[in-house]
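Let me begin by presenting the structure, written as structure tokens, before commenting on it.
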Amino acid sequence: NAGVTQTPKFRILKIGQSMTLQCTQDMNHNYMYWYRQDPGMGLKLIYYSVGAGITDKGEVPNGYNVSRSTTEDFPLRLELAAPSQTSVYFCASGRALPYNEQFFGPGTRLTVL
Amino acid sequence: ELKVEQNPLFLSMQEGKNYTIYCNYSTTSDRLYWYRQDPGKSLESLFVLLSNGAVKQEGRLMASLDTKARLSTLHITAAVHDLSATYFCAVDKPPRGSNYKLTFGKGTLLTVNP
């Protein structure tokens, strides 16, 4: 099993550009999550999904969109990139029940200039 | 709002010494998770604690959970350089039946010096 994979690993965007961060898991997990990690701030939840076709906002959803058309894939879309979106983005998946252990992808380091 | 606080946020240790990282949380929960993150890498699950009094150990790391005190500890015994990393605790927010989100602490950056 590859686990959770993310592409790209690194990306530099100009202000106002858009991009999609890809996330795929092969563990048949229903629950998937997008976090951003800023230095010294821990992880903040952007969006999450409890199954195909169902998504919901986390703590910091502004400037992002998601979709979940399959169990395996959970892409994160950045529209009109801003410098405040410079961060490391992690995708995670899990079964949530009977407990909520989450498994993380390798991350995407995004810089917006 | 669930808050998770770790302390210390920075910890510099000598090899061979013992130390404890603390994780306090603000609301009732009996499920707590510890993760490790090496520099520039992803998060790796270390321990899952699922009840009051739970204790898990792997190598030089031991984690425990006191749900009444809303406190988990990560104890490091005879530290070695390979344990240098950032350690995060995370808590489930109840009610479990309708909420599948983890709230993370800010992390403890552990540096083990020779």
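All of the numbers you see were taken from the coordinates with simple rules; none came from a lab. Because the structure is predicted, anything quoted here is derived from the model rather than measured. With ideal geometry, Cβ positions are generated from the backbone for all residues, glycine too; neighbour counts draw on all protein chains shown.
Per residue, what volume in Å³ does the convex hull of the Cα atoms of chain B enclose?
Values: hull volume 10.7 nm³, N = 114.
About 94 Å³ per residue, rounded to a whole number.
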Can you work out ³J(HN,Hα) from phi for every residue in the range A:38-44, in order, using Karplus 6.51 cos²θ - 1.76 cosθ + 1.60 and θ = phi - 60°, giving whole Hz and x for Gly and Pro?
10, x, x, 10, x, 10, 10
Label point distance in nm, B:Leu50-A:Leu113, each placed 7 Å from Cα along Cα→Cβ:
4.9 nm
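Could you list A:Phe104, A:Phe74 in order of exposure, starting from the residue whose Cβ has the fewest other Cβ atoms within 10 Å? Show your work: numbers first, answer last.
Numbers: A:Phe104 23, A:Phe74 29.
In order of increasing Cβ crowding within 10 Å: A:Phe104, A:Phe74.
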Just from the alpha-carbon atoms, what are the Rg and Dmax of chain A in angstroms?
13.2, 43
Please check which bits of the range A:51-94 a label hung off A:Ala2 would reach, taking the label as a point 7 Å along Cα-to-C-beta and the cut-off as backbone N under 12 Å.
A:73
Under the Karplus relation 6.51 cos²θ - 1.76 cosθ + 1.60, θ = phi - 60°, what is the ordered set of whole-Hz ³J(HN,Hα) values for the range B:106-113, x standing for Gly and Pro?
6, x, 10, 7, 9, 10, 9, 9
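Specify, per residue and in Å³, the volume enclosed by the convex hull of the alpha carbon atoms belonging to the protein assembly as shown.
It comes to 120 Å³ per residue, whole-number rounded.
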Charge sum, other residues only, whose C-beta stays under 13 Å from B:Tyr33's C-beta, Lys/Arg counted +1 and Asp/Glu -1
+1
Filtered trypsin sites (Lys or Arg not before Pro), the range B:24-112: DSSP coil and at most 13 other beta carbons within 10 Å
B:Lys41, B:Lys68
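Give, in nm to one decimal, the length gained when the segment between B:Ser12 and B:Asp82 is fully stretched (0.36 nm per residue of separation minus the Cα-Cα distance). Working shown, then result.
Values: separation 70, 0.36 × 70 = 25.20 nm, distance 1.33 nm.
Computed gain between B:Ser12 and B:Asp82 is 23.9 nm.
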Whole-Hz ³J(HN,Hα) for each residue in the range B:15-29, computed from phi via Karplus 6.51 cos²θ - 1.76 cosθ + 1.60 with θ = phi - 60°, x for glycine and proline: what do you get?
4, x, 8, 10, 7, 10, 9, 10, 10, 9, 9, 9, 9, 4, 7
Would you calculate the separation in nanometres between label points at B:Thr73 and B:Asn24, each defined as 7 Å from the Cα along the Cα-to-beta-carbon direction?
1.5 nm
